[in-house]
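Data block below; observations after.
Derivation of every value follows stated rules applied to the coordinates shown; laboratory data play no part. This is a predicted model, so every value here is computed, not measured. Neighbour counts run over all protein chains shown; Cβ positions are idealised from the backbone, glycine included.
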Amino acid sequence: DAGITQSPRYKITETGRQVTLMCHQTWSHSYMFWYRQDLGHGLRLIYYSAAADITDKGEVPDGYVVSRSKTENFPLTLESATRSQTSVYFCASSESLLTGSSGNTIYFGEGSWLTVV
Amino acid sequence: AQSVTQLGSHVSVSEGALVLLRCNYSSSVPPYLFWYVQYPNQGLQLLLKYTSAATLVKGINGFEAEFKKSETSFHLTKPSAHMSDAAEYFCAVSDPYNTDKLIFGTGTRLQVFP
């Protein structure tokens, strides 16, 4: 049971380069999320997707692009990386609405450490 | 806007002592509330969640949390700390205006000393 996997786990890139972080989940969850984690800020939502071909902005979407052509994949692209995008990025997925009657759980990947130099 | 505040970015306890991690939320309607734990170099793992059923919620690894509407709090407790509890803990609240999202606190790092 692979669950949710992120790649690469560690990446160093230069300012101005395009970087794509991959996320793959094996549960066929409808919802997928991208968060970034920074000291003093906790986790902040970048983008999320309710289903294939449906995406929406979170708290901090600027400088990022997402796509969801298949239910199981949700790549995050930094179009032109900046130093301020150095962070740990977490992908997550959820079966359905978070606050439906069952209060569904979000499951997280292990994170992608990105350094922009 | 919905928000969650975790008081204390670092908490230190001795092994065997009570663990208390504080979380307060702001919301005009009762939210759903969650506690997640993050061990070093790992993703977040759900500890427990409150979804408007019993106000005292029991989670994994002996943790529990109590929803107190009058205090807008959802503090996490464990009667006796273990060395393996050392981690970062995040409180999260559902956004009542957008039920597809969670809003996280800034986290509390728990250290356990022998």
Whole-number Å³ per residue for the convex hull built on Cα positions in segment B:44-107: 107
Cβ charges +1 (Lys, Arg) and -1 (Asp, Glu), total dipole of chain B, debye: 120
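If you put +1 on each Lys and Arg Cβ and -1 on each Asp and Glu Cβ, how big is the dipole of the protein assembly as shown around its Cα centre, in Debye rounded to 20? Working shown, then result.
Numbers: 17 positive and 19 negative charges, 39 e Å.
That gives a dipole near 180 debye.
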Contact order normalised by residue count of segment B:1-60, Cα under 8 Å, 6+ apart, percent: 25
GNM flexibility winner over chain A from A:Leu21, A:Leu39, A:Leu78 (Cα, springs under 10 Å): A:Leu39
Global geometry of segment A:3-117, whether rounded, prolate or oblate, following the gyration tensor of its Cα atoms and the 1.5 cut on a/c: prolate
Charge-dipole axis of the protein assembly as shown as Lys and Arg at +1 and Asp and Glu at -1 on Cβ define it, positive-most pick from A:Thr86, B:Leu47, B:His10: B:His10
Gap separating the Cα centres of segment A:1-45 and segment B:1-43, nearest whole Å: 23
In nm, spacing of pseudo-spin labels at B:Lys68 and B:Leu46 (7 Å Cα→C-beta vector): 2.6
Residues whose placed amide H lies under 5 Å from that of A:Gly63, excluding near-sequence neighbours: none
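In Å³ and rounded to a whole number, note down the convex hull volume per residue for the Cα atoms of segment A:16-55. Could the numbers behind the result be given before it?
On the way: hull volume 4.3 nm³, N = 40.
In segment A:16-55, the Cα hull volume divided by residue count equals 107 Å³.
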Restricting segment A:5-39 to trypsin sites (Lys or Arg not before Pro) in coil, as DSSP defines it, with at most 14 other Cβ within 10 Å: A:Arg9, A:Arg17
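Explain nothing, just the number: relative contact order of chain B, from Cα pairs under 8 Å at least 6 residues apart, as a whole percent. Could the numbers behind the result be given before it?
Working: 284 pairs, mean separation 42.3, N = 114.
Here the relative contact order equals 37 percent.
When the expected Rg is taken as 2.2 N^0.38 Å, what fraction or multiple of it is the alpha-carbon Rg of the protein assembly as shown?
Values: Rg = 17.5 Å, N = 231, 2.2 N^0.38 = 17.4 Å.
Output field value: 1.01.
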Of B:Phe113, A:Phe108, A:Ile46, farthest towards positive along the dipole that unit charges on Lys, Arg, Asp, Glu beta carbons give the protein assembly as shown: B:Phe113
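Pairs of alpha-carbon atoms within less than 8 angstrom and 6+ residues apart define the contacts here; what relative contact order does chain A have, in percent? Walk me through the numbers on the way to the answer.
Values: 302 pairs, mean separation 39.7, N = 117.
Relative contact order, chain A: 34 percent.
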